[in-house]
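One structure is given here, and the rest of the page talks about it.
What follows draws every value from the coordinates through simple rules; no lab data is involved. It should be emphasised that the depicted structure is a prediction, and the values quoted were computed from it without experimental measurement. With ideal geometry, Cβ positions are generated from the backbone for all residues, glycine too; neighbour counts draw on all protein chains shown.
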Amino acid sequence: MAAATVSDAMYVLMPGRKHYVPKIDVRPLKGKGVAVSAQEDMPMGHFILAEAPIFTLPIVRGQLIILGALMQCEPEYQTKFYEFFNCWDETEEITKELGIFTTNAIPCGGDITSGSLPDKEGIFFFCSRINHSCKPNVHVQWVDWVHQIELRATRDIAYKDELCRSYIDLLQSRRRRQQQLMEKYWFKCRCEACSLTGAELDASDNRRRTVRDTLDRHFGGKCKDAHEGLREIQHALDCIDKEGLPMYEAVLYFFGFHLCAASGDCDSAIQWAIKAREAYVRMSGYALDELLERLANDPLCYPDANTMPKKTLTGPDSPLWRRGLEEASQDT
């Protein structure tokens, strides 16, 4: 398939649904279906595309539901559906249509930071063709109010680099990631993160576990020790940087804002809120931009402001954190 460009490619995925496709190239790739690559340099945070699903289905689905959804598609996209790669052998339980959908479906909703699951998945003409990496260079974000996904670069991408997204929860050990990928997609990942061995692999597994543990400890305002909580957050942010997983930054910066605002330290809270806003916009767009800007301008409007013992804390860029991070890095 020839490369699609902004100037000459406008696709109709469903009646009345149109979107422009930026410069990407989709080509057959032996053993992997196709590969999607960049046809221009893309800096970190670059908005690559927004795409509506061909159709979505609930998590619990069967053959009749899939056939019904296909019948509502335009004939062009019924044909394109059967061109998608299928990693499943046909059986009485797994039909061709169910295998194709399961292989290529992308979650529409849920939250990678909390681990909450979506109630539906969708198949997308472009994004469903993007291959997996446990250190992805693009991040997929479902935007519910416009019923589409948005794709952004998680790091600088060079011309002709393959675009890779994540199919699974990345904050797991390599063993568990490999197990999940084999169970659902029938392949062994050989990405940069999965190719580590020995001490480097142990350090990577520990860093990812640290990020997950920190997220779990801070969701719902469960952390009540502001000083210790900020130390944990800074250590987790350092782990994210080393693992190349910036899609988890925004929520950690927000947790830092929460602790500072709850402790009555407005100056530090403002610094954390600014970082949260920047990180969120970089990976997920502007859906929460107005809210995060309001918190950065007035931390006292936050409902949990001044709900913990008053303390003077520090912002995310304070040099006081460096020593603690150096000590913590010896363990990860």
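Just a few scattered comments:
- Cα centroid of the range 274-305 to Cα centroid of the range 41-112, whole Å: 33
- Of (1) 17.0; (2) 18.1; (3) 36.0, the label for mean projected area of the Cα convex hull in nm² derived from the coordinates: (2)
- Of all stretches in the chain that contain no GluC sites (Glu not before Pro) in a DSSP loop with at most 10 other Cβ atoms within 10 Å, the longest one is 94-332.
- Computed extension gain for M71 through N306, at 0.36 nm per residue and net of the alpha carbon distance, reaches 79.0 nm.
- Checking the cross-link pairs K224/K310; K135/K242; K30/K120; K80/K135; K23/K160 against a 18 Å limit on the alpha carbon distance flags K30/K120; K80/K135 as lying beyond it.
- Under the combined filter of DSSP loop state and at most 13 neighbouring Cβ atoms within 10 Å, the range 212-284 retains these trypsin sites (Lys or Arg not before Pro): K222, K224.
- Relative contact order (%) - the chain, alpha-carbon pairs under 8 angstrom, separation at least six: 14
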